[in-house]
Amino acid sequence: MSEAVIRDIIVSESDDYIINMGPQHPSTHGVLRLEVSLMGETVKSVTPHIGYIHRGIEKMCESDSYQQIIHLTDRMDYLSAHMNNEAVCLCVEQALQVEVPERVKYIRTILDELTRLSSHQLWWSAFGMDLGALTTFFYGLRDRELILDIFEESFGSRLLHSFNTPGGLMHDVHPNFQKSVREYLKYFRKKLPEYKQLLTDNVIFRQRTEGVGVMNREMAISYGVTGPSGRGSGYSCDVRKIAPYSAYPLVQFEEKLQTAGDSYARYLVRMDEMWESMHIIDQLIDNIPAGDFTAKMKPVLKLPPGEYFQRVETARGELDVYIVSDGNKTPYRMKFRSPNFSNLFVLNELSAGGKIADLVAISGSLDLVIPDIDR
Amino acid sequence: MYDFSQLTGAIDAALHRSMTPGWALFTELVIIGLVVLILYALVGLFLVYLERKVCAFMQNRVGPNRVGPYGIIQTIADLIKLLMKELIPIARADKFLFNLAPFVVIIVSFMALAAIPFALGLQAIDLNIGVLYVTAVSSLGVVGILLAGWSSNSKYALIGAMRSGAQIVSYELSVGLSLLTVIVLAGSMQLSEIVASQADGWWIFKGHIPAFFAFIIFVVASTAEINRGPFDLAEAESELTAGFHTEYSGIKFAFFFLAEYMNMFIVSALGATLFLGGWMPFHIGHWEAFNHIMDFIPPLVWFLLKTFFLIYVIMWFKWTFPRLRIDQLLTLEWKYLMPLSLVNIVVVAFITLMGWHF
């Protein structure tokens, strides 16, 4: 029996009113299919169906060299492309016991935070649109555009820049880099309060998000919800604090936590993180040390046999890279623990009992990127 | 002030001279029909263009700027595109109702347009129950939306239609009660008389605080009644893709689209007529010179200015507010607007009885 026939039987046997949100639907931000079973306007349960954009990245990694793998990781969470690259690079560097130059650490951290900013800006834009405030989309993208311009200036590409390579960076940043970033921070400090005026303080917005999709700390831990979504529930899970990497040990920053656990708390965490990201970049941008942009590396990297593990904080949560090497130039097995996969499956518990509109608000506040779920 | 009844009277007399009364009436009806049809098309197309420009203005964009100067012919180009698009047949849809629904929606908005007084004497039909007629006719629009949702055999469309049914029926009450405030003050339901009663001041100024409250309630409730954002739950695109018109394509979709804008025009025109003096110029007490200058602006311009001001406000709502949830929407109506309107109408009746209004 084909899947469609089986599905028909299941639908006809239950009395639920089932709608499929997705794989093409404006609020799923990608090819995610949510099978929502409804009772009038009330959501009874949500079953996510994933796999529409599965490309077998983990399997492909097994036949690629470590330099090539970097380019595959871009395509997982395309909004945190830089962090994904960095995770693999850090893991390989750790395996080869390479010490990267200080300059690389600084630039990587600045780019981490710029990527986080741009990712949160896009999330803010899309979240507003999920709730029906269409204007936010243009405000968010207006500011994100300028970050992408900085990326373009230095790396030649705007989104998937694959700028990291095991041992350092592909090439040095553009001479204007520091100036552009400083100018951008000055610009965005003025623009971020606009976000607050437009959405954060809006009465309807707060009604739509406060008390909607409450996730307590235990739930966040048991589902493995990390990143801003987990921190909105008071779960301190920032890898930048727990296991600092790159230049994070050198900077002062706060891990932003909220305890309410509702959509509004998750929203506030991300808004605060934007300020915090700018604070981190501020500390680093003025004193990037001079030096090489990469450590001396062999052209063919062979990791000594063993298992290697590295965690980084992407814009959406904890990304873990696990490499099993048998001493060849390609990994024996590669495993990514992607934040969105864990964040997605809490959706059912959060949105059951709410309205359809709540489901959209909750999935928006979890900030899902679908290619990262499927990989 | 130019009285358009001179013009219409002259046409009427000329027609009666040249043909029998029956044919004269028939010709007049045809002329009125054509004028309303052209007005409908022009206003509809212009409103679509205006909305795109206003929303672009709110969103740091330029808006349509390619077709014609300032993109002014953009909507006509869009219309041609929609005319040429395929009408996709929906499997297992109720064909008759599916095709009927867009016509119901558009005819209803057509009918309401007939009673709006655009200027002195420029009114297709001056019913003595004008307000009742407009509200009654415009509330029929929900039938078209329900038909569209039911007949298109789509779950999204059905949910959208049910939402819109609940919403329009609820908000109809507040709209009715807020219009009743002005009817109590003016002592008439005839739109031309309501306008005439505002010669020395608009009801929003003359009617003390209750009339002002009624105006606010009217604007909020009528925004909800015409399914505009932030109350556009019936077509909430992030939840229901396109709500009740998900399955419609081509010109049938354009009918829904156009009807939405015409409904916006009608409620704004009604609000302008009842609260903002219709085509009456803006007068301040005994400032003879000022009043005299104001009289030079033609009544039609006054009417359109007020109407488009209200339209702008309604567009402003849409492009700044997030959408409400269905339970919040009904809470707003039944717990806040409805009781407020009821209290308001009692207060205004008391004021009118005591003769306290200006």
query = From the residues in region B:222-239 that are at the interface with another protein chain (Cβ under 10 Å from one of its Cβ atoms) and under 18 Å from the mean Cα position of the chain (by Cα), which one is modelled with the lowest pLDDT?
reply = B:GLY229
remark   = Taking region B:26-69 and the residues there that are in contact (Cβ under 8 Å) with a residue 12 or more places away in the chain and in a loop (DSSP other than H, G, I, E, B), the one that is surrounded by the fewest Cβ atoms within 10 Å (Cβ to Cβ) would be B:GLN59
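Determine, yes or no, whether B:ALA242 is within 14 Å of another protein chain (Cβ to nearest Cβ) and in contact with a Gly (Cβ under 6 Å, 6 or more places away or on another chain).
Numbers: within 14 Å of another protein chain (Cβ to nearest Cβ): yes; in contact with a Gly (Cβ under 6 Å, 6 or more places away or on another chain): no.
So B:ALA242 does not fit the description; no.
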Filtered residue count, region A:181-235, keeping only those that are buried (at least 17 other Cβ atoms within 10 Å of the Cβ) and either touching a strand residue (DSSP E or B) at 6+ places or on another chain (Cβ under 6 Å) or of a type in the set (S, T, N, Q) (or both) = 7
inquiry  = Residue under question is B:ALA272, and the condition is that it be more than 14 Å from every other protein chain (Cβ to nearest Cβ) and either surrounded by fewer than 22 Cβ atoms within 10 Å (Cβ to Cβ) or in a loop (DSSP other than H, G, I, E, B) (or both); does it hold?
reply    = no
key: Cβ pairs under 7 Å, 6+ apart, first in region B:75-95 and surrounded by fewer than 15 Cβ atoms within 10 Å (Cβ to Cβ), second part of a helix (DSSP H, G or I)   = B:LEU83/B:ILE251; B:LYS85/B:GLY250; B:GLU86/B:GLY250; B:LEU87/B:GLY250; B:LEU87/B:LYS252
note = Scanning region B:54-89 for residues that are under 23 Å from the mean Cα position of the chain (by Cα) and aliphatic (A, V, I, L, M), the one farthest from the other protein chains (Cβ to nearest Cβ) turns out to be B:ILE76
query = Can you pull out the residues in region A:27-41 that are within 11 Å of chain B (Cβ to nearest Cβ) and free of Cβ contacts under 8 Å to residues at least 24 places away in the same chain?
reply = A:GLY40
query = Do we have any residue at all in region B:143-151 that's under 17 Å from the mean Cα position of the chain (by Cα) and buried (at least 22 other Cβ atoms within 10 Å of the Cβ)?
reply = yes
message = Can you pull out every residue in region B:111-137 that is in contact with a Ser or Thr (Cβ under 7 Å, 6 or more places away or on another chain) and part of a helix (DSSP H, G or I)?
response = B:ALA112
query = In region A:236-258, what residues are crowded, with 18+ Cβ neighbours inside 10 Å and in a helix (DSSP H, G or I)?
reply = A:VAL239, A:ARG240, A:TYR248
request  = All but one of (1) within 14 Å of chain A (Cβ to nearest Cβ); (2) part of a loop (DSSP other than H, G, I, E, B); (3) among the β-branched types (Val, Ile, Thr) hold for B:THR331, so report the exception by its number.
outcome  = (2)
ask   = Hey, among B:VAL184, B:VAL169, which residue is away from chain A (no Cβ under 14 Å), over 21 Å from B:PHE103 (Cβ atoms), assigned to a helix (DSSP H, G or I) and without any contact (Cβ under 8 Å) to a residue 40 or more places away in the chain?
value = B:VAL169
key: Residue within region B:334-344 that is hydrophobic (A, V, I, L, M, F, W, C), out of contact with any strand residue (DSSP E or B) (no Cβ under 6 Å at 6 or more places or on another chain) and within 14 Å of chain A (Cβ to nearest Cβ) present   = no
inquiry  = Just to confirm my filter: which helices (runs of 4 or more DSSP H) fall fully inside region A:294-375 and include at least 1 residues that are more than 28 Å from A:THR115 (Cβ to Cβ), touching a helix residue (DSSP H, G or I) at 6+ places or on another chain (Cβ under 9 Å) and more than 14 Å from chain B (Cβ to nearest Cβ)?
reply    = A:347-351
inquiry  = For region A:129-171, give me each residue that is touching a residue at least 12 places away in the same chain (Cβ under 8 Å), within 14 Å of chain B (Cβ to nearest Cβ) and among the small types (Gly, Ala, Ser).
reply    = A:ALA133, A:GLY140
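The values are calculated or read from the model by the stated rules, or taken from the named source; none is laboratory data. Bear in mind that the values here come from a model prediction, so they are computed numbers and not experimental data. So basically every Cβ, Gly included, is an ideal-geometry build from the backbone, and we count neighbours across all protein chains shown.
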